[in-house]
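This report refers to the structure that appears directly beneath it.
The values are calculated or read from the model by the stated rules, or taken from the named source; none is laboratory data. Bear in mind the structure is a predicted one, so any value in this text is a computation, not a measurement. Cβ placement follows ideal geometry from the backbone for every residue including glycine, while neighbour counts extend to all protein chains displayed. With ligands, DNA and RNA removed, areas are computed over all heavy atoms of the protein, side chains included. Shrake-Rupley method; radii C 1.70, N 1.55, O 1.52, S 1.80 Å.
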Amino acid sequence: MAETVRIDPAAHVALAEIARAKHVSLTEALSCAVELYRREVFLEGVASDFAALRADASAWTEEQAERSAWDATNADGLDRE
């Protein structure tokens, strides 16, 4: 489903330059840009969540203990090389 989105002229020029450089359509260039931004926003949220977790000493200690427990399973059944 196609939608119309208004962007400022400078953004359109930049998008057109990207599309030309990558040899893709404006639609594909915009879709890729949106996906990269979506990932950035997601990772910022993850970083924020971990910062909050680290700020809670008890919760962070529990997290570290859980990681240690899972680390013991990393090589289960695998021969050392």
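Just a few scattered comments:
- Of the trypsin sites (Lys or Arg not before Pro) in the chain, those whose Cβ has at most 10 other Cβ within 10 Å and which sit in DSSP loop: ARG6, ARG80
- Surface composition of the chain: carbon plus sulfur atoms contribute 58% of the solvent-accessible area (1.4 Å probe, protein chains only, all chains present).
- Rounded to the nearest Hz, the phi-derived 3J(HN,Hα) couplings of the stretch 29-35 under the Karplus curve 6.51 cos²θ - 1.76 cosθ + 1.60 (θ = phi - 60°) are 4, 5, 4, 5, 5, 5, 5, where x marks glycine and proline.
- For the chain, the average shadow cast by the Cα convex hull is 11.2 nm², which is a quarter of the hull's surface.
- Estimated dipole of the chain in Debye, rounded to 20 [Cβ of Lys and Arg +1, of Asp and Glu -1, Cα centre]: 520
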